[in-house]
Amino acid sequence: MCDPVNTDQSTYAANRMLTLEFAQLIVDRQAAWDMQSDYQYLDAAARWDSDVNIIKYLATLDPNHIVVDAHAHDNNGGPNYADVVYMLQILGAVDHRVVGGFLSDSWGKYQSPIIGAVYPITWTPEILWGAGTFNHTGADDVSTGIWHPDTDNFYAHNDSDPLVYVGGYNPNYANAEDYTHAFDGLDDLLSGLKSGGLEPTSMYTVTVFFDQCSMSQDMIDFFSTKISSYEADVAAGNIYWRTIPDMVQAWKDSYAGKPSILYGQ
C-alpha cells in the first residue's frame, strides 16, 4: 500500500504530516515506535524533503522512544538489507543492526555478513524481528519472547548463535491497514498476566503493528486513546514501552538473556 506515498509527491507530503504528528504523540506519551522502511520510501524522502528529511528528524527526535530501521523486501530484487541500511545512514539514521521483517524459511542468510547489491557496504545483522511468509499468505510467526534461534530449529534457543529474535505476537502483518486490531496481542498478553497465566520471571514481547503508508487522522486518534488506556498498567510495571533494540538490551540486563519462546508455531 506504499506505492501512492512513494510515487506521488502530494500523497507523500500528506503522509509526512501525519507521520510527524504520530511521532510527536509517541514522544509525548513516552511510548515507543520502531519506524521501519524499505528503499522506495527512503528514495522518496531523499527526493522530496527539501529541509530536514523525515528520516533524520525521526531518528533524532527522541532516540529513547523512536528508532528508524530497515524493513527490506530483498527477496523481490533490488537493494538488499545492507543497501537499505546504507541509505538510512546517509539520511541520518543510526544503525541498530535490526532485520525488520524477513521470510521465515530463509532466515539463515542473516547469520553471515550481507554484501550490498547496490552500495559498497558489508553489513552484519544482530537482531531479527518479523518472521513471515511470502506476501503473508502462510502461517506468519506469532511467538512472544526473545531467544537466539538455533540453525536447525528456529524455535530452539542456542547461545552460540549471535542472532537474537524478538517475537511480535499477533503482529497483524497480513491485515496491517486494519489498525483497530493492532493492540489485540498486547491486550491478550495483559489479560494472561493478570489472570496468572504467564510466567512472572519470563519476558514477553508484543508488537503493535500498523501500516505507516495508510496512516490517517482517525488512526492517530485511535492510537492516542489506546495508549492512554494503558497508563495504569504502565505505572504498575505490567507494560513497558520499548523499541526493539531496547527490548533486547532489557532482556540482557534484566533477564540475563534467559530465553523465552512462547506461543511459537
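The values are calculated or read from the model by the stated rules, or taken from the named source; none is laboratory data. From a predicted model like this one, the values you see are computed outputs, not experimental measurements. Every residue, glycine among them, receives a Cβ derived from its backbone with ideal geometry; neighbour counts consider all protein chains shown.
Quickly run through the stretch 138-158 and pick out the residues that are without any contact (Cβ under 8 Å) to a residue 12 or more places away in the chain and either within 19 Å of the chain's Cα centre (by Cα) or not in a strand (DSSP E or B) (or both).
The answer is GLY138, ASP152, ASN158.
Scanning the stretch 54-85 for residues that are surrounded by fewer than 20 Cβ atoms within 10 Å (Cβ to Cβ) and modelled with pLDDT of 95 or more yields LYS56, THR60, LEU61, ASP62, PRO63, ASN64, HIS65. One residue is enough: does the stretch 212-230 have a residue meeting the conditions buried (at least 19 other Cβ atoms within 10 Å of the Cβ), touching a residue at least 12 places away in the same chain (Cβ under 8 Å) and within 30 Å of ASP150 (Cα to Cα)? Within the stretch 212-230, none of the residues are buried (at least 19 other Cβ atoms within 10 Å of the Cβ), touching a residue at least 12 places away in the same chain (Cβ under 8 Å) and within 30 Å of ASP150 (Cα to Cα). Of TYR155, TYR173, all but one fail to be touching a Ser or Thr at 6+ places or on another chain (Cβ under 8 Å), surrounded by fewer than 22 Cβ atoms within 10 Å (Cβ to Cβ) and not small (Gly, Ala, Ser); the exception is TYR155.
Checked across the stretch 165-184, the condition of being over 29 Å from LEU18 (Cβ atoms) and in contact (Cβ under 8 Å) with a residue 12 or more places away in the chain holds for at least one residue.
Which of the residues spanning the stretch 162-193 are more than 17 Å from the chain's Cα centre (by Cα) and either over 22 Å from CYS2 (Cα atoms) or modelled with pLDDT of 95 or more (or both)? If the condition is that a residue be more than 17 Å from the chain's Cα centre (by Cα) and either over 22 Å from CYS2 (Cα atoms) or modelled with pLDDT of 95 or more (or both), then PRO162, ASP187, ASP188, LEU189, LEU190, SER191, GLY192, LEU193 are the ones that fit.
Take the conditions farther than 16 Å from VAL164 by Cα and at pLDDT 95 or above and apply them to LEU128. Does it pass? Considered against the rule, which asks whether it is farther than 16 Å from VAL164 by Cα and at pLDDT 95 or above, LEU128 comes out as no.
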